[in-house]
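Enquirer: Attaching a single structure in structure tokens format; questions to follow.
The values are calculated or read from the model by the stated rules, or taken from the named source; none is laboratory data. This is a predicted model, so every value here is computed, not measured. All Cβ positions, even for glycine, are placed from backbone atoms using ideal geometry, and neighbour counts span all protein chains on display. These area figures cover heavy atoms from the full protein model, side chains too; ligands, DNA and RNA do not enter into them. Shrake-Rupley method; radii C 1.70, N 1.55, O 1.52, S 1.80 Å.
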Protein chains: 2
Amino acid sequence: MALQGRHRDVVQRAVMSIAGTDPSGGAGIQADLKTFTALGCYGTAVVTALTAQNTTGVQAVHPAPPQFVEQQLRSVLADIDVRAIKTGMLFDADNTRAVARTLAAFYADAGAALPPLVCDPVCVSTSGHTLLHPDAIDVMVAELFPLVTLITPNKCEAELLLSRRGRPVKIDTLEDMVASAEQLLALGPKAALLKGGHITATRADVDRVVSQHPHIRVVSEGLLSENMEILQIVEEDAAAKILVVDVLRQADSTVFFISPRIESTSTHGTGCTLSAALACALSRGEDLIEATRQATTFTHLGIENALPIGHGFGPLNHLHGLVMRVVPLPTPSSPHPLTRTLIQSTQDTWKAYVEHDFVRQLARGTLPRECFLHFITQDYLYLKYYARAYGLLAAKSSSLDAIHAATQTIINIVNEVAMHKAYCAQWGISAADLEATPEEAATTAYGAYILDIGLQGDGAKLVVALAACLLGYGEVGLWLKKEAARPNTWVKLDNNPYTKWIDDYSGSEYQAAVQVGIATLEALAVADPPSPARFEEWRMVWEKCTRLEKGFWDASLGVQ
Amino acid sequence: MALQGRHRDVVQRAVMSIAGTDPSGGAGIQADLKTFTALGCYGTAVVTALTAQNTTGVQAVHPAPPQFVEQQLRSVLADIDVRAIKTGMLFDADNTRAVARTLAAFYADAGAALPPLVCDPVCVSTSGHTLLHPDAIDVMVAELFPLVTLITPNKCEAELLLSRRGRPVKIDTLEDMVASAEQLLALGPKAALLKGGHITATRADVDRVVSQHPHIRVVSEGLLSENMEILQIVEEDAAAKILVVDVLRQADSTVFFISPRIESTSTHGTGCTLSAALACALSRGEDLIEATRQATTFTHLGIENALPIGHGFGPLNHLHGLVMRVVPLPTPSSPHPLTRTLIQSTQDTWKAYVEHDFVRQLARGTLPRECFLHFITQDYLYLKYYARAYGLLAAKSSSLDAIHAATQTIINIVNEVAMHKAYCAQWGISAADLEATPEEAATTAYGAYILDIGLQGDGAKLVVALAACLLGYGEVGLWLKKEAARPNTWVKLDNNPYTKWIDDYSGSEYQAAVQVGIATLEALAVADPPSPARFEEWRMVWEKCTRLEKGFWDASLGVQ
């Protein structure tokens, strides 16, 4: 239990949506939950009303009883530490009141401050369906707005909110937006983000208004800034673009968020997504300006990456910022997912390597002497490549620890070579004979391939290439040891000229090196999760090395 | 519009959940939508009943009217091509009937086959709350099961389903599970997955039952297979583990899915998650065995990676398989997100480089001759490093196209050097003088750093290192060209000894190379999306190269 979640460096903060549903998935709590998930938050969702809707419009609405809205809210708040809340469609006065009063009462009773609360004052659907009863608007302003960190109306919603007192307000220009944002703030929320998606603006409009209101700060997203002429020449000229300007009004500042207008019909759920993304950013403690920047960027990319779904105004693509993990995170029950995946994905080759006839004959003591001698002299030559490859790994390392580890391995290899020399002396082969041995193609192929991988790729790829040998010999050692321990085993350890070889590779010293190798391998995938393309490269390197190992033993058996 | 979604190689198939809600986010449609999102599907969700619940239990249930369930279903089905469906909590007989009849009628009217339908027969919550009225069970069996691809009961649900006719059924052993799975199949669905989470089993139990029923196939997940002794010695012995056995019964086969039992209290929503993950796999056309394997693995990892949320049985972690994209996908309004992010993340250094005083003086024609000569002779030496780095890039490339592209760049550099020599000749510096020029530290630093990156990292990292020079000179050329075109420009092109230099770098030949460089850079992030760690490495390489470029011009200005 203590280990659970230990590899998640990003905490999943709990956020809450209080809104209606959209069974077709593009808006409402469905869109909110997708947004929360895509932005790494833990999503909760209280339903104020069910709808039957799709991308072509809203067909029907079934509100939840206000008592049941309260009950849902209390179930969540009593159990989960919610770090930010967004409200969407509240539908009627009773449910609006239930939400405002339950939130106020819960946090007052708990003696705690309300977490950041974003209110998307959803009033009318794109298709013209009323999503907030007229009498609910007054309740929202009177009871909810005083609790709210940020309201996020679009043009229509802002006009509705500001026209309540019989004085009709129209918002058509950037100047109107600046004035309206101030009036929205006067309705009680701590801040107002007036969205400009339905209002046409150009760079000249922005420059004009900013010159009249020099305190306004401009944040541009998705537009090229200075010193980006090399991108400008292939991208459309920003000055000629129609812009979307969102106006963020706080007590002491006004900020314009300008971005290029995108022509798209995939806009169903844009408001839901924006306010949900705002809640995610606020849950992480971002200020309103940074939160707005992140949320508008997320929403913008959702529209531009939209896929064709439905027959009307399609949904955003909420998954544009996600990449699927290929190697699972290590868990208590599976602490070595990368090693496991590599072995299992090349199961047949791996088995042909570690249970090779060469190994079986060696363990039976029946391996012809010339085969073993061939192997051990070629292995001597191979180990020089192998040591050099660790030298290359040291050269490719960026930390002294990594340089040290690679170097220590070279020293281990040098010691392994000393073992070889001792064997060879036993078998009547001198150091000079070893040096004079002609190198076989199987040896050159494997050795040079590892060095090639070291030249081609980064340190991670080289570690994968080096692992097949290190881990394979460890596996052979343990397999033979396990087989030797069975009753009536076929493995012969007494009077077997090769017993010392088995002892060496199954021994604690070599096995400790194997475990370090496994840990190094696993750390790669945790620190820098490979994309599908990168993992496929690793898998191919692993498989090729496994195959070359098998080829190495084929060549040694072939000399008899 | 035509470009939308062009970079998403994975289609988002639409899947549908028909279930209750869980406002606390761990179960119900909330868990289903998280699962759909985490598995790359487009989630839709029809609500059968609202609940007030959290990790400690279910506090209340408010069913949707059956007509409204039908209306939601019709809104989605009429608009969206749903590729798989799962049902969860249906709550009462009326809603169960509404779901079964609407699905049957819709697809019959459309003359289409029902997509794969997974039925999780949710009957009782972990905390003992009734989630399916007793009379609804008969409706489920009679009306829904005939449409169903797969039912996924746990022990309690299976006992309830099989005990309907007054004959109480208990499922306590693996043998019971095999018999019950067959009886579940007889209730009408095409297949039954009887989940074994509440039944204790060991490897010996599995071996015993399989020896009695030799047709049973065993699929193990999260357990080590043969030739994995090197992992076995640090992981617990599989033979000693308590196992979970899920039994998949189809008309012609029985499969055991065995996995290690995990001790965890984070199990709220396990059944919802499993059936949702099954729907995702079935929507992609996987067969039932592969779908079950994928879904059990996803659910298992969700439990093991769970984070502490709530005070009772906490939710799974649905995000365990997701990595956040650092570089957004290219879109029509932002086709160069990697280049843009690199430039913007090092804005100050980049500006100090491309608007360097050296460049300004050069464009004014006021740059001292000795500064230009210093620059151009050092640049000659630098270009040798730069060409060699492309040689290294060719050596690191895996396709002939990439080898060719790197080689072509070397040829371009050789041509650029010819231009240098012509300049130098104009300024009275011979080829021999050039060769004899001592190399400055700024030159060695930059040249050797690029080669070091080529040694250290993979081809992608080297491409980033090479881009700062290629793109920066392109930016300088375009910037000066743009400034020169302004009225009353400070740039002097007539009678300026350096005009040819400006013309060369702003000219179409060099700019075409810049665009190829940008396209190469952007392709990297699309083909192999960098993890946060990898992107940070790229950013640091880019920034260092930008800084070294500035240093190069500092050194040339410094000689006056």
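Enquirer: When residue B:518 is evaluated against the numbered criteria (1) surrounded by 20 or more Cβ atoms within 10 Å (Cβ to Cβ); (2) more than 36 Å from the chain's Cα centre (by Cα); (3) β-branched (Val, Ile, Thr), which criterion, by number, is the only one it fails?
Expert: For residue B:518, the exception is condition (2).
Enquirer: Further question: Before we move on, is residue A:79 in contact with a His (Cβ under 7 Å, 6 or more places away or on another chain) and not basic (Lys, Arg)?
Expert: Taking the combined requirement at face value, the residue satisfies it.
Enquirer: Which residues, taken from segment B:337-390, are of a type in the set (S, T, N, Q), more than 37 Å from the chain's Cα centre (by Cα) and not in a helix (DSSP H, G or I)?
Expert: Matches in segment B:337-390: B:366 only.
Enquirer: Of all residues in segment B:261-271, which are within 17 Å of residue B:150 (Cα to Cα) and either assigned to a loop (DSSP other than H, G, I, E, B) or touching an Asp or Glu at 6+ places or on another chain (Cβ under 6 Å) (or both)?
Expert: Answer for segment B:261-271, where residues must be within 17 Å of residue B:150 (Cα to Cα) and either assigned to a loop (DSSP other than H, G, I, E, B) or touching an Asp or Glu at 6+ places or on another chain (Cβ under 6 Å) (or both): just B:271.
Enquirer: I'd like the full set of residues that are open to solvent by 60 Å² or more (accessible area, probe 1.4 Å) and within 40 Å of the chain's Cα centre (by Cα), limited to segment B:130-159.
Expert: Passing the criteria: B:130, B:146, B:156.
Enquirer: In segment B:424-447, which residue that is surrounded by fewer than 14 Cβ atoms within 10 Å (Cβ to Cβ) and of a type in the set (A, V, I, L, M) is modelled with the highest pLDDT?
Expert: In this case the residue turns out to be B:441.
Enquirer: I've got another one for you. Of the numbered conditions (1) touching a residue at least 40 places away in the same chain (Cβ under 8 Å); (2) surrounded by 15 or more Cβ atoms within 10 Å (Cβ to Cβ); (3) assigned by the TED database to the domain that holds residue A:119, residue A:182 satisfies every one except a single condition; which is it?
Expert: (2)
Enquirer: Here's a check for you: in segment B:293-302, which residue that is of a type in the set (Val, Ile, Thr) and more than 12 Å from chain A (Cβ to nearest Cβ) is least open to solvent (accessible area, probe 1.4 Å)?
Expert: In this case the residue turns out to be B:299.
Enquirer: Which members of segment A:277-303 meet the condition of being over 19 Å from the mean Cα position of the chain (by Cα), assigned to a helix (DSSP H, G or I) and among the small types (Gly, Ala, Ser)?
Expert: Matches in segment A:277-303: A:279, A:291.
Enquirer: I'd like the residue in segment A:382-405 that is open to solvent by less than 10 Å² (accessible area, probe 1.4 Å) and out of contact with any Cys (no Cβ under 9 Å at 6 or more places or on another chain) and, out of all such residues, is modelled with the lowest pLDDT.
Expert: So the residue we want is A:383.
Enquirer: Test residue B:491 against the criterion of being more than 21 Å from residue B:329 (Cα to Cα) and surrounded by 24 or more Cβ atoms within 10 Å (Cβ to Cβ), and give yes or no.
Expert: No: the conditions fail for residue B:491.
Enquirer: Follow-up. Name the single residue, out of those in segment A:303-316 being more than 7 Å from chain B (Cβ to nearest Cβ) and closer than 25 Å to residue B:527 by Cβ, that is most open to solvent (accessible area, probe 1.4 Å).
Expert: Among those that are more than 7 Å from chain B (Cβ to nearest Cβ) and closer than 25 Å to residue B:527 by Cβ, it is A:308.
Enquirer: Out of A:35, A:102, A:96, A:44, report the one residue that is assigned to a helix (DSSP H, G or I) and within 27 Å of the chain's Cα centre (by Cα).
Expert: Step by step, each of A:35, A:102, A:96, A:44 is checked, and only A:35 is assigned to a helix (DSSP H, G or I) and within 27 Å of the chain's Cα centre (by Cα).
Enquirer: State whether one or more residues within segment A:283-292 are in contact with a Cys (Cβ under 9 Å, 6 or more places away or on another chain), buried (at least 24 other Cβ atoms within 10 Å of the Cβ) and modelled with pLDDT of 95 or more.
Expert: yes
Enquirer: Kindly indicate which of B:464, B:476, B:516 is in the same structural domain as residue B:404 (by the TED database), under 30 Å from residue B:321 (Cβ atoms) and β-branched (Val, Ile, Thr).
Expert: Only one candidate qualifies: B:464.
Here is a yes/no grid of residues against (1) more than 9 Å from chain A (Cβ to nearest Cβ); (2) out of contact with any helix residue (DSSP H, G or I) (no Cβ under 9 Å at 6 or more places or on another chain); (3) closer than 30 Å to residue B:530 by Cα:
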site	(1), (2), (3)
B:453	yes, no, yes
B:456	no, no, yes
B:462	yes, no, yes
B:481	no, no, no
B:487	yes, yes, no
B:496	yes, no, no
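Enquirer: Can you find even one residue in segment A:491-508 that is of a type in the set (D, E, K, R), in a helix (DSSP H, G or I) and under 25 Å from residue A:348 (Cα atoms)?
Expert: Checked segment A:491-508: no residue is of a type in the set (D, E, K, R), in a helix (DSSP H, G or I) and under 25 Å from residue A:348 (Cα atoms).
Enquirer: OK, next. Can you find a residue that is among the charged types (D, E, K, R), out of contact with any strand residue (DSSP E or B) (no Cβ under 7 Å at 6 or more places or on another chain), more than 19 Å from residue A:271 (Cβ to Cβ) and at pLDDT 95 or above anywhere in segment A:139-151?
Expert: Looking for residues that are among the charged types (D, E, K, R), out of contact with any strand residue (DSSP E or B) (no Cβ under 7 Å at 6 or more places or on another chain), more than 19 Å from residue A:271 (Cβ to Cβ) and at pLDDT 95 or above, one finds at least one in segment A:139-151, hence yes.
Enquirer: Would you tally the residues in segment B:209-233 being open to solvent by 90 Å² or more (accessible area, probe 1.4 Å), in contact (Cβ under 8 Å) with a residue 12 or more places away in the chain and at the interface with chain A (Cβ under 9 Å from one of its Cβ atoms)?
Expert: Summing the residues that are open to solvent by 90 Å² or more (accessible area, probe 1.4 Å), in contact (Cβ under 8 Å) with a residue 12 or more places away in the chain and at the interface with chain A (Cβ under 9 Å from one of its Cβ atoms) in segment B:209-233 gives 0.
Enquirer: Every residue in segment A:317-358 that is among the aliphatic types (A, V, I, L, M), facing another protein chain (nearest Cβ under 7 Å) and under 22 Å from residue B:322 (Cβ atoms), please.
Expert: Residues satisfying the conditions are A:319, A:322, A:323, A:324, A:329.
Enquirer: For segment A:518-540, enumerate the residues that are in a helix (DSSP H, G or I) and facing chain B (nearest Cβ under 9 Å).
Expert: Those that are in a helix (DSSP H, G or I) and facing chain B (nearest Cβ under 9 Å): A:518, A:527, A:532, A:533, A:534, A:537.
Enquirer: Filter segment B:42-89 down to residues that are within 19 Å of residue A:27 (Cα to Cα), within 7 Å of chain A (Cβ to nearest Cβ) and β-branched (Val, Ile, Thr) and give me whichever is surrounded by the fewest Cβ atoms within 10 Å (Cβ to Cβ).
Expert: B:80
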